[in-house]
1. Roll a 1.4 angstrom probe over the protein heavy atoms and tell me the percent of accessible area of segment 38-131 that is carbon or sulfur.
2. Is there a quick way to get the dipole size of the chain? I mean about its Cα centre, with the Cβ of Lys and Arg at +1 and of Asp and Glu at -1; what is the value in debye to the nearest 20?
3. Given only helices, namely DSSP H runs of n ≥ 4 each adding -39500 (n - 2.57), what is the per-residue ellipticity at 222 nm of the chain, to the nearest 500 deg cm²/dmol?
4. Would you list, by chain and number, the lysines whose Cα falls below 20 Å from the Cα of residue 260, excluding same-chain residues fewer than 8 positions away?
5. Keeping all protein chains in place, calculate the accessible area per residue for the chain (probe 1.4 angstrom), answer in Å².
6. Quote to one decimal, in nm, the extra length available between residue 155 and residue 20 on full extension: 0.36 nm per residue of separation minus the C-alpha distance between them.
7. Straight-line reach only, C-alpha to C-alpha below 15 angstrom: list the aspartates and glutamates that residue 30 could link to, leaving out same-chain residues fewer than 8 apart.
8. Points 7 angstrom from Cα along the Cβ direction at residue 244 and residue 275: gap in nanometres?
Amino acid sequence: MASETQIHHEPNRKKFWSLKDFEIGKPLGKGKFGRVYLAREAKSKYVVALKIIFKEQIEKHGMHHQLKREMEIQTNLRHQNVLRLYGWFHDEERIFLILEYAHGGELYGELRKSGHFSEKQAATYILSLAQALAYCHEKHVIHRDIKPENLLIDHRGRLKIADFGWSVQSSSKRHTMCGTLDYLAPEMVENKAHDHAVDKWTLGILCYEFLYGVPPFEAETQRDTFKRIVKVDLCYPPIPHVSAEAKDLISRLLVKDSSKRLSLQNITEHPWIIKNADPSGICEN
Ligand code: AMP
């Protein structure tokens, strides 16, 4: 569609967008509540992803407030590793979200394709995530649903956190049970109050999954996964491409006592990150 140079200008700030302002391209994917299309703003030719959500679906699932919250949170976040939401508009039946286009698609797809990532790639993604989460925490935003499916890759290989559907803007401890099974922290499994420390646990899970190709507490049944999480039943298969430093970082994040998990700042300074991560966040395979 557009050339590289055209995507350096954001769509003009405009109060009221409508479908007429966009040229719609190929479908990019299908989510729980609608479809995502490649699109460009007609005037500036700026390339975006247009997410179309059907109001009926949102109302049927009582998601109105959650979507509104997701939109408000995401519009206010500005970080190179957080997917931008430039704006939104609606017609009678649909809501349209104007999103930053992530050319590389889902990180999950890439992980499944290659089986596992190299230490360099994994460390670069973990550093990007730690920096993005530190920024979100500063703004009192807890994501709560960080998992490979919610991580996208842009045209330069930079990781972008997308889908703020489960995030909350709060500085106090939360009680709601949410998130995807394998990524749940023990305090969430046990239905205890939890705070931003859950994101640090998730970074440990992701780091493991990036390197080994599977999440650490995977089991046959949901109950068994829960049991393994609560016990922190962690084992490292003897795979030569995973270094002792990587395991050290994982072990300092997958800690049951949430107050003892490594801080996001300390993650960025961990020897394995320093040795392997590309500080630009750009990952070329
Ligand atoms: P979602 O409804 O957010 O789960 O999106 C459905 C699928 O569309 C995702 O799994 C991605 O493959 C794709 N997608 C969503 N947002 C974007 C985006 N901003 N850029 C590129 N692809 C996207």
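The values are calculated or read from the model by the stated rules, or taken from the named source; none is laboratory data. What you are looking at is a predicted structure, and each value in this text was computed from that prediction instead of being measured. Because the Cβ atoms are built from the backbone with ideal geometry, glycine has one as well, and the counts that use them run over all protein chains shown. To get the accessible areas, we keep the full protein, side chains included, count just its heavy atoms, and leave off ligands, DNA and RNA. Shrake-Rupley method; radii C 1.70, N 1.55, O 1.52, S 1.80 Å.
1. 50 percent
2. In total the dipole reaches around 460 debye.
3. -10000 deg cm²/dmol
4. Candidates past the 8-residue exclusion: 173, 192, 200, 231, 247.
5. Using a 1.4 Å probe on heavy atoms only, each residue of the chain averages 50 Å².
6. Residue separation times 0.36 nm, minus the Cα-Cα distance, leaves 46.0 nm.
7. Those aspartates and glutamates meeting the cut-off are 106, 149, 163.
8. 0.9 nm
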